[in-house]
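Some notes on the structure that comes next.
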Amino acid sequence: MKKVCAKVVVVMALVLLVEVSTFAEGLTCNPSELSPCIAAVKSPSQPSTVCCQKLREQKPCLCGYLKNPSFKQYVNSPGAKRVASSCGVPFPTCLSS
């Protein structure tokens, strides 16, 4: 029982450490931050400067969005790939976990 509790404490500490480092970097994964890109994803128009800025900020989050069934279809769409390319953001190649 003590070994199980110790493992749980270690896992919780690692999760907390990851969360703290994410906040320390000022990054919060929030797909709504990409809302300035919606018009460019849905049409052939060029993405705005704000869209590209937000896409660069959220780049570390893209693999998480691709793994989420609610967001995958949008992030993996041809329009989203075109916008990423236009913004100079390489489309992520996510490793399966």
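Observations on the structure shown:
- Local net charge near Val41, Cβ-Cβ under 11 Å (Lys/Arg +1, Asp/Glu -1): +3
- Taking a ≥ b ≥ c as the square roots of the eigenvalues of the alpha-carbon gyration tensor, the range 24-97 is classed oblate because a/c is 1.5 or more while a/b is no larger than b/c.
Computed from the coordinates by the stated procedures, all read-outs in this text should not be read as laboratory data. Because the structure is a prediction, the values reported are computed rather than measured. Because the Cβ atoms are built from the backbone with ideal geometry, glycine has one as well, and the counts that use them run over all protein chains shown.
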